[in-house]
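Participant: Quick one: structure below, then a few questions.
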Amino acid sequence: MITAQYPLTLKDRSYSVYIGMDAGSAFAPKCIEHGISKSLVIITDTHVASVYLKPMLNNLRHHGFAVLSIVIPPGERQKSIRRAGMLYTELLLHAVDRTTAIIALGGGVIGDLAGFVAATYQRGIPLIHVPTTLLAQVDSAIGGKTAVNHSLGKNMIGSFYQPKFVWEDITVLATLPFREIICGMGEVVKYGIIRDQNLFMFLENNLEAVIRCSREELLFVQSQCIAIKTDIVSRDEFEQNIRIILNAGHTVGHALESAGHYRALKHGEAVLLGLAAESYIAQKMGILPAESYERIIRLIGRIPMKANVSSLRMPDILSALQWDKKRIGKKIRFVLPKSIGETVVIDEVDNRLVREAVRMVLSS
Ligand SMILES: NC(=O)c1ccc[n+]([C@@H]2O[C@H](COP(=O)([O-])OP(=O)(O)OC[C@H]3O[C@@H](n4cnc5c(N)ncnc54)[C@H](O)[C@@H]3O)[C@@H](O)[C@H]2O)c1
Ligand SMILES: [Zn+2]
C-alpha cells in the first residue's frame, strides 16, 4: 500500500516519490500508469537480488513486461567506470534500445551506478529508482545525482539525471543489516539539523524505535526526510544555491571516508562523525549556541555506531579535505549549523580548528 506521494517540481523533469509498505504488487501497475515501455532492465546486487528480484520479476512479467536482470557484486567498489563499462557491454549485447527503462533496485551504490549508466547509455534512457536501504530511501534515490568514483576522489565522474519516479517500500528495510540502518541515520539526523527542529526533537524522543525500524516511527521520519529533500531539490536542481545545505556533515565526512579508503567507515557513519565535527567548528566559531551543540552531540552519541576510526591518520584526512568538491579555489566550503534547523555556508575556517574538530571526533 502506498501511503504518500511527494512531488519534485522540475519543469519537464518533474516526478514523484511514492512511499508505502507491503506495496510490491502495485509496482508494475505504477510503471504502466507512468507510460514506461514494456521492455525493462533491472540492475541490482547479489544481496538485494537474493530477496527482492524474484518478486519484482514476477510482478512485472505478470503485467506483460519483458525484463532483463543484471546482478552485480555488492559494495562501493562497484561504483566504477570499469563496472559501468561492463554494464554498457551487457546492454549492447542484449540490443537494449533507447525506449527501454532501467530499474535501479538496491542501495545508494546501485542507484548511483545504474543512474549513471541510464544517464549515459545512448545519451540517456528512462530510469526508475527502487531504493532498498534507509540511506537510499531518504537521500540518494531522490534528486538525480548519479556518479561513479575515480581513484582520486569519490563521485568525481557523474551527472544530474532525474528518474521517471521513485518507488519506496519501507518493508524492505526489515532485511537490511543493522549497520546499514545506522548509516541511514547519518542522513536522517542531517535533515533534522539543517532544516527541521521538529524532526530533530522527534528523533530525540524516539531514537530507539526508529533504529529498530518500528513501522510507525520510521514511516514518519522517512516522510519528513523525503519532504525536505524533494522541497530543496525542487528549488535548486543543480546545486547552485540552497541544495548545498544537504552537504552538511559531508565536508569532514567525505574526508574521513576517503582517509579510511572507503573501508574503515561507511558513508553514513562518516556523515555522523562529520556532523559532530562540523557542529564543533560551528560552536567554536560562535555560530552555534552551546546548548544546541550539546543536543546534537548527545543525539549522535546515542546512535550505536560500531565504526573503527583507529586506522585514520590526520594527514590523510587533511589532504582529502583539499579534494572536496565544494571547494572554491583554495578555500574549503563548510555548511555549518547555526541552530537546530538552520545552517550557514562558511568559506573561512581556520585549519587549526578543523584539525581540533577532527581530533575530537576521532577520540570520542
Ligand atoms: N546520489 C546521491 O545523492 C547520494 C546521496 C548519498 C549517498 N550516495 C551514495 O550512496 C552510496 C551508499 O549507499 P548505501 O548506504 O545504500 O550502500 P549500498 O548500496 O552499498 O548498500 C549497503 C548494503 O546493503 C545491502 N542491501 C541493500 N538493500 C538491502 C536490503 N533491503 N536488505 C538486505 N541488504 C540490502 C547492499 O547489498 C549492500 O551490501 C555511496 O556510494 C554514496 O556515495 C549518493
Ligand atoms: Zn550523504
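The values are calculated or read from the model by the stated rules, or taken from the named source; none is laboratory data. Quantities reported herein were computed from a predicted structural model and do not represent experimental measurements. Neighbour counts run over all protein chains shown; Cβ positions are idealised from the backbone, glycine included. The protein model used for the area step is the full one, side chains on, heavy atoms only, and it has no ligands, DNA or RNA in it. Shrake-Rupley method; radii C 1.70, N 1.55, O 1.52, S 1.80 Å.
Participant: Does Ala84 satisfy the condition of being open to solvent by less than 20 Å² (accessible area, probe 1.4 Å), assigned by TED's automatic domain parsing to the domain that holds Ser159 and either in a strand (DSSP E or B) or in contact with a Lys or Arg (Cβ under 6 Å, 6 or more places away or on another chain) (or both)? Spell out the reasoning first.
Facilitator: On the way: open to solvent by less than 20 Å² (accessible area, probe 1.4 Å): yes; assigned by TED's automatic domain parsing to the domain that holds Ser159: yes; either in a strand (DSSP E or B) or in contact with a Lys or Arg (Cβ under 6 Å, 6 or more places away or on another chain) (or both): no.
No, not satisfied.
Participant: Determine whether region 263-274 contains at least one residue that is more than 13 Å from ligand 1 (Cβ to nearest atom) and at pLDDT below 95. Give the derivation first.
Facilitator: Within region 263-274, the subset more than 13 Å from ligand 1 (Cβ to nearest atom) is 264, 273.
Those left that are additionally at pLDDT below 95: 264.
Within region 263-274 (the criterion being more than 13 Å from ligand 1 (Cβ to nearest atom) and at pLDDT below 95), the answer is yes, since at least one residue qualifies.
Participant: Filter region 57-103 down to residues that are acidic (Asp, Glu) and over 24 Å from the mean Cα position of the chain (by Cα), then give me how many there are.
Facilitator: At the first step, the residues of region 57-103 found to be acidic (Asp, Glu) are 76, 90, 97.
Applying the additional criterion that residues be over 24 Å from the mean Cα position of the chain (by Cα) yields 90, 97.
Number satisfying all stated conditions: 2.
Quick grid of which residues meet (1) assigned to a helix (DSSP H, G or I); (2) in contact with a Ser or Thr (Cβ under 9 Å, 6 or more places away or on another chain); (3) of a type in the set (Phe, Trp, Tyr); (4) open to solvent by 10 Å² or more (accessible area, probe 1.4 Å):
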| site | (1), (2), (3), (4) |
| --- | --- |
| Glu180 | yes, yes, no, yes |
| Cys213 | no, no, no, yes |
| Ser223 | yes, yes, no, yes |
| Ile226 | yes, no, no, no |
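Participant: So, in region 147-172, exactly how many residues are hydroxyl-bearing (Ser, Thr, Tyr) and open to solvent by less than 10 Å² (accessible area, probe 1.4 Å)? First the steps, then the outcome.
Facilitator: Of all residues in region 147-172, those hydroxyl-bearing (Ser, Thr, Tyr) come to 151, 159, 161, 171.
Filter once more, so that each one left must be open to solvent by less than 10 Å² (accessible area, probe 1.4 Å): none.
Residues meeting the conditions: 0.
Participant: Identify, from the list Ala118, Ala136, Ala147, the residue that is within 15 Å of ligand 1 (Cβ to nearest atom), modelled with pLDDT of 95 or more and assigned to a strand (DSSP E or B). Explain how you work it out, then say what you get.
Facilitator: Numbers: Ala118 fails: assigned to a strand (DSSP E or B); Ala136 fails: assigned to a strand (DSSP E or B).
It is Ala147.
Participant: What do you reckon, is Pro289 farther than 18 Å from Asn247 by Cα and either at pLDDT 95 or above or in the same structural domain as Ser140 (by TED's automatic domain parsing) (or both)?
Facilitator: Values: farther than 18 Å from Asn247 by Cα: yes; either at pLDDT 95 or above or in the same structural domain as Ser140 (by TED's automatic domain parsing) (or both): yes.
In short, yes.
Participant: Separate question: I'd like the full set of residues that are crowded, with 21+ Cβ neighbours inside 10 Å and within 12 Å of ligand 1 (Cβ to nearest atom), limited to region 245-262.
Facilitator: The answer is Leu246, Asn247, Gly249, His250, Gly253, His254, Glu257, Ser258.
Participant: From the list Leu219, Leu275, Leu288, which residue is under 25 Å from Met201 (Cβ atoms) and in a loop (DSSP other than H, G, I, E, B)?
Facilitator: Details: Leu219 fails: in a loop (DSSP other than H, G, I, E, B); Leu275 fails: in a loop (DSSP other than H, G, I, E, B).
Leu288 is the lone residue from the list that is under 25 Å from Met201 (Cβ atoms) and in a loop (DSSP other than H, G, I, E, B).
Participant: Which of the residues belonging to region 276-299 are open to solvent by less than 20 Å² (accessible area, probe 1.4 Å) and either out of contact with any strand residue (DSSP E or B) (no Cβ under 8 Å at 6 or more places or on another chain) or closer than 14 Å to Asp350 by Cβ (or both)? Don't jump to the end; show me each part of the working.
Facilitator: Of the residues in region 276-299, the ones open to solvent by less than 20 Å² (accessible area, probe 1.4 Å) are 276-279, 281-282, 288, 292, 296, 299.
Of everything in region 276-299, those that are open to solvent by less than 20 Å² (accessible area, probe 1.4 Å) and either out of contact with any strand residue (DSSP E or B) (no Cβ under 8 Å at 6 or more places or on another chain) or closer than 14 Å to Asp350 by Cβ (or both) turn out to be Ala276, Ala277, Glu278, Ile281, Ala282, Leu299.
Participant: Yes or no: Ile211 within 15 Å of the chain's Cα centre (by Cα) and not acidic (Asp, Glu)?
Facilitator: Working: within 15 Å of the chain's Cα centre (by Cα): no; not acidic (Asp, Glu): yes.
No: the conditions fail for Ile211.
Participant: Next question. Based on what the data block shows, is Asp97 within 15 Å of ligand 2 (Cβ to nearest atom) and closer than 27 Å to Leu10 by Cα?
Facilitator: Details: within 15 Å of ligand 2 (Cβ to nearest atom): no; closer than 27 Å to Leu10 by Cα: yes.
In short, no.
Participant: Open to solvent by 20 Å² or more (accessible area, probe 1.4 Å), within 15 Å of ligand 2 (Cβ to nearest atom) and either touching a residue at least 40 places away in the same chain (Cβ under 8 Å) or not in a helix (DSSP H, G or I) (or both): does that describe Lys190? Break it down stepwise before answering.
Facilitator: Values: open to solvent by 20 Å² or more (accessible area, probe 1.4 Å): no; within 15 Å of ligand 2 (Cβ to nearest atom): yes; either touching a residue at least 40 places away in the same chain (Cβ under 8 Å) or not in a helix (DSSP H, G or I) (or both): yes.
For Lys190, the condition - open to solvent by 20 Å² or more (accessible area, probe 1.4 Å), within 15 Å of ligand 2 (Cβ to nearest atom) and either touching a residue at least 40 places away in the same chain (Cβ under 8 Å) or not in a helix (DSSP H, G or I) (or both) - is not met.
Participant: Right, here's the next one. Could you tell me which of the residues Lys338, Lys306 is closer than 29 Å to Glu208 by Cα, open to solvent by 40 Å² or more (accessible area, probe 1.4 Å), in a strand (DSSP E or B) and touching a helix residue (DSSP H, G or I) at 6+ places or on another chain (Cβ under 8 Å)?
Facilitator: On the way: Lys306 fails: in a strand (DSSP E or B).
That would be Lys338, the only listed residue that is closer than 29 Å to Glu208 by Cα, open to solvent by 40 Å² or more (accessible area, probe 1.4 Å), in a strand (DSSP E or B) and touching a helix residue (DSSP H, G or I) at 6+ places or on another chain (Cβ under 8 Å).
Participant: Still on this structure: Quick check on region 194-210. Is at least one of its residues crowded, with 21+ Cβ neighbours inside 10 Å, modelled with pLDDT of 95 or more and within 16 Å of ligand 2 (Cβ to nearest atom)?
Facilitator: yes
Participant: Pairs only if they're at least six apart or on different chains, beta carbon under 9 angstrom, first in region 90-106 and assigned to a strand (DSSP E or B) and modelled with pLDDT of 95 or more, second among the polar types (S, T, N, Q) and more than 16 Å from ligand 1 (Cβ to nearest atom); list them, first residue then second.
Facilitator: Qualifying pairs under 9 Å: Ala101/Ser37; Ala101/Ser39.
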